[in-house]
Amino acid sequence: MRGSVPALDSQWAAGVTTIPFRKESRAALLRASNRLSLGLDSVEVGRLQRYYRRIGRDPTDVELAGVAQSWSEHCSYKSSRRYLKAAFGKLHPPRRVLGTGDAGVMAFEDGFAYALRIESHNHPSAVEPYGGAATGIGGILRDVLAVGAKPIALADPLFFGPLDFAPKDLPAGVKSPRYLFDGVVAGIRDYGNRVGVPTIAGGIYFDPGYVVNPLVNVACVGFLPKDRLLPNRARGVGDRLVLVGGRTGRDGIGGVSFASRELTERSETESRGAVQLGNPIMKEPLIHACLEAFDRKLVRGLKDLGGGGLATASGELVHAGGFGSEIELDHVPLRETGLLPWEIWVSESQERMLLDVRPNDLPALLAIFQRWDVPASDVGRVTRGPLERIRFKEAAAGELHVGFRVAPPPRHRSTRTPRPGPRRPSARVPDQDLAQLIREQTLAPDSVSREPVIRMYDHEVFGHTVLKPLQGQVTSPSHGDSAVLQPRTGSWRGLALAIGAQPWACAEDPHGGARWVVEEAARNLYAVGARPDAFTNCLNFGNPEDPRVLGQFAAVVRGLAEGARGLEMAVPSGNVSFYNGGLGAAIPPTPVLLATGIVPDLRYSTTVDLKEAGNPLYLVGQSRPELGGSLWARRHGIRGQPIPPTQPSRLRRIGDALLSAGACGTLRAVHDVSDGGLGLTLMEMAFGGGLGFSVDLAATLLPGPGLAAVAEGGSRWVVEVDRSKVDAFEVRMRGEPVTPLGHVTAADGVFRWGEQIQAQLDLTELYSAWRGGLVLG
């Protein structure tokens, strides 16, 4: 820090309080931090105290509130920055990655780009599931808008405790998984549908590890002309800072501090005010007004107001440009009277953006927002820096070095490298009663149809969704591997979206499990005819002050980077969510990906549903016997098993061959083999097509039909090939691991081992049970 801030001689503004700081003991300041929910630790309190002793005065409550937000784990990434930079810093091919701000921006085709970002709203959703999930959607829409993109699609990977978890076994202060599940789904439905952006991808996962702390991850993709790409930084001294969108209230105050500590039995009562209130009816015209202002080149840079509110947005905006600022808090439009200056400064009220605008362009910009009936107010200006001056009713409320506040140094915490636990003898999957084994896998809570949830979301709005989240016949839809968009009418180039998550493999082996997550996402993209292009990651972990947790985090980040490098995928954005857990419980390490792929020609995209009896089925990829993290192992409480090894570069070679086969029209259906193994993969393909199959499990070369049906490794697909084009398919796949598996039939699912039938299942009866397996409250 160069120079110092002079003590202010003038009287502080009305409503501003000075906090005794310089002469207090560190222990007393820590107690005050805890009492005020500032979240500052001993090191940070000491750093603040030295700063204010140097400038010769005590902080105001406005300054202290802003520091607490900016120094939180949620805003500063103080525990994770060095790991992220080391892993992902060089994974940005300059010709493909156009921006890495609030959202990553990737080249799509000549003149156009797409934006992608994923976020978490875990803590708010644990306290108030409907509002927490709804405002998660609102926040991720703003992230994409903040780079100049129009939001065109949403995704929602969600993690809960078992829905039948007994209420008597819930820890004090924890809501039932059923209540959380119903509230979260309703919040996502209502916000996404009302704002008019389709929800086209996601996932729902159940595990006892998420009872205390559910995970609500939300993702968004946007589309934009390349010349509309905007930076998240201020551009020039004298520019006006214009706050647009919703009015400011007391909701969401301290939200980032709440998200930067573990849940307790008192979180329900103490932190409900930290949950924001969403307003999708305001968000839609806000998006339209912003896009019009972008197209007219009236906006030079911008930030969305998320965690930390105006304090974080204004500080990060000007600091990124190398400037300072002057902010007039009394110019902020309020939703209620009586807000104190510090409350205005850090409120996280929703549906707000901060725009950097040239003074001469201000009248035109304000006219646009007036026409859309969206509040807009000139709240300050960009200055030479390095100070930010905060004012309230023409009097001082605070003055700080902006870099000191918004760019705290990283924390170098202890880590413990994950060591594989004692490996148990390889679990043996029974070969007897294969029909019952496959039935149990198919009807497991993690396997049954998500149709009741998917049908609540509008995935058709805009008319760009070419491949939908449910695929197959109208009367018997099944799960698709990826959804595919046609961003531009008149172009056959498509954009595919897929989710990747495997917390159970990551719990067994964080490094290898992370590589597996990347491979899973890539397989889902290849399955629809898309070449993997990029992913954005949400890294959900426990307390980073625990060396074991931070060791898991470091291992996962390395694994994700290795997977991305092997598959030549960019990682232009992401999110870290620490402190998930509490009350003696910890979540499994849960990296979640929203992956995107480019479909060269939408006319050759493939779906999962079987198409025609008599067509041959092939298994693409090499089967592996490892069961670590598999659905079968989880259902039988088996831990300590190795996970399947990964080979991302080899997967890319096989996937590219599969794309080549699809481009010449040989493929009728493709489905990746993942959770549940080969047995469940075939079931979902048959369900969607209303057809059956007859397959030989011995084609896997695994020792026994039981293992062959449930093993999930390595990276594999089942493909249905047009029987008139088998020769062309085999030519395209020459040199890759491809094995004839069986053929499509008119009815029933038949599993053989050589010539002997091991199981014959009535698919009509089983489909009815699978389709009705998830019941909404």
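Given C-alpha coordinates of segment 607-733, what is the ratio Rg to Rh with the Kirkwood estimate of Rh? Before the final figure, lay out the partial values.
Numbers: Rg = 14.8 Å, Rh = 15.2 Å.
So for segment 607-733, dividing Rg by the Kirkwood Rh gives 0.98.
Report the calculated FRET efficiency for Arg335 and Gln436 (r = Cβ-Cβ distance, R0 = 60 Å), to the nearest 0.05.
Values: r = 58 Å, r/R0 = 0.97.
The calculated FRET efficiency here is 0.55.
Distance in nm between label sites at Arg50 and Val237, each 7 Å beyond Cα in the beta-carbon direction?
3.0
Per-residue counts of other Cβ atoms within 10 Å, averaged by peptide: what ranking do you get for 37-48, 616-627, highest first?
In descending order of packing, they fall as 616-627, 37-48.
Expected output is a single nm value to one decimal: the length gained when fully extending between Arg428 and Asp110, i.e. 0.36 nm times separation in residues minus the C-alpha distance. What is it?
Once the chain is fully extended between Arg428 and Asp110, it gains 109.1 nm.
Please state the shape class of the chain: rounded when a/c is under 1.5, otherwise prolate if a/b exceeds b/c and oblate if not, all from the C-alpha gyration tensor.
Here the chain falls in the prolate category.
Cross-link candidates for Lys297: which aspartates and glutamates have Cα within less than 16 Å, leaving aside residues fewer than 8 places away along the same chain?
Reachable aspartates and glutamates: Asp227, Asp239, Asp356, Asp361.
Under a 5 Å amide H to amide H cut-off, with H placed in plane at 1.01 Å, what residues pair with Ala396 once short-range neighbours are removed?
Ala13
What helices does the chain have that are whole DSSP H segments, at least 18 Å long along their own axis by Cα, and with mean Kyte-Doolittle hydropathy of -1.0 or more?
The answer, listed by residue number, is 42-55, 129-145, 177-195, 280-295, 309-321, 510-527, 547-567, 648-663, 677-689.
Can you give the calculated 222 nm mean residue ellipticity of the chain, where each DSSP H run of n ≥ 4 adds -39,500 (n - 2.57) and the sum is split over every residue, rounded to the nearest 500 deg cm²/dmol?
Values: 26 runs with 260 residues, N = 777.
One gets -10000 deg cm²/dmol as the mean residue ellipticity at 222 nm.
I need the peptides 65-77, 356-368 ranked by packing, meaning the mean over residues of other C-beta atoms within 10 angstrom, with the highest value on top.
Taking the mean over residues of other Cβ atoms within 10 Å, the ranking is 65-77, 356-368.
Would you list, by chain and number, the aspartates and glutamates whose Cα falls below 13 Å from the Cα of Lys175, excluding same-chain residues fewer than 8 positions away?
Answer for Lys175, where 13 Å is the Cα cut-off: Glu128, Asp164, Glu265, Glu268, listed by chain and number.
So what J values fall out for segment 457-462 if you push phi through Karplus, 6.51 cos²θ - 1.76 cosθ + 1.60 with θ = phi - 60°, rounded to Hz, Gly and Pro as x?
Couplings: 9, 7, 10, 10, 4, 6 Hz.
Give, in nm to one decimal, the length gained when the segment between Lys226 and Ser25 is fully stretched (0.36 nm per residue of separation minus the Cα-Cα distance).
My answer for the length gained is 67.0 nm.
Out of segment 369-425, which GluC sites (Glu not before Pro) are coil in DSSP terms and have no more than 16 other C-beta atoms within 10 Å?
Numbers: sites: Glu388, Glu394, Glu399; in loops: Glu394.
Filter output for segment 369-425: Glu394.
Can you give the FRET efficiency for Met456 and Asp164, using 1/(1 + (r/R0)^6), R0 = 22 Å, r = Cβ-Cβ distance, to the nearest 0.05?
0.55
Using the Cα centre of the chain as the reference point, and only Cβ charges (+1 on K/R, -1 on D/E), how large is the resulting charge dipole? Debye, rounded to the nearest 20.
Magnitude of the dipole: close to 2520 debye.
Local charge sum around Ser33 (other residues, Cβ-Cβ under 9 Å, Lys/Arg +1, Asp/Glu -1)?
For residues surrounding Ser33, the net value is 0.
Once you put a point 7 Å from the Cα of Ala728 and another 7 Å from the Cα of Ala407, both along the Cβ direction, what distance in nm separates them?
5.7
Find how many whole Å separate the alpha carbon centroid of segment 178-212 from the alpha carbon centroid of segment 723-776.
Rounded to whole Å, the Cα centres lie 32 Å apart.
Mind checking which lysines have their C-alpha under 18 Å from Lys283, skipping anything on the same chain fewer than 8 residues away?
Filter leaves Lys150, Lys303.
Can you give the local net charge around Gly301? Use residues other than it whose beta-carbon is closer than 9 angstrom to its beta-carbon, Lys and Arg +1, Asp and Glu -1.
Neighbour charge sum, excluding Gly301 itself: +2.
Using a Förster distance of 22 Å, how high is the FRET efficiency between Ala663 and Arg95, based on the Cβ-Cβ distance and rounded to 0.05?
0.45
Taking the dipole about the Cα centre of the chain, with the C-beta of Lys and Arg at +1 and of Asp and Glu at -1, give me whichever of Pro94, Val599, Ser768 is farthest to the positive side.
The Cα lying farthest towards the positive end belongs to Pro94.
Cα centroids of segment 429-454 and segment 495-523: how far apart, whole angstrom?
21
How many angstrom separate the Cα center of segment 379-420 from the Cα center of segment 636-715?
Centre-to-centre (Cα) distance: 50 Å.
Let's see if you can work this out: charge +1 on each Lys and Arg Cβ, -1 on each Asp and Glu Cβ, no other charges. What is the dipole magnitude of segment 310-413 about its Cα centre, in debye to the nearest 20?
It comes to approximately 380 debye.
Could you check the spin-label model distance between Glu292 and Gln11? Points 7 Å from the Cα along Cα→Cβ, value in nm.
4.4
Rounded, prolate or oblate, given the Cα gyration tensor of segment 110-201, with a/c below 1.5 counting as rounded?
Prolate shape, in that a/c is at least 1.5 and a/b is the bigger ratio.
Treating only the Cβ atoms of Lys and Arg (+1) and Asp and Glu (-1) as charged, compute the dipole magnitude of segment 566-671 about its Cα centre; round to the nearest 20 debye.
Here the size comes out at about 260 debye.
Every number here is computed from the coordinates shown, using simple stated rules; none is lab data. For clarity, every value in this text was computed on a predicted model and none was experimentally measured. No Cβ is skipped: glycine too gets one built from the backbone with ideal geometry, and neighbour counts run over all protein chains shown.
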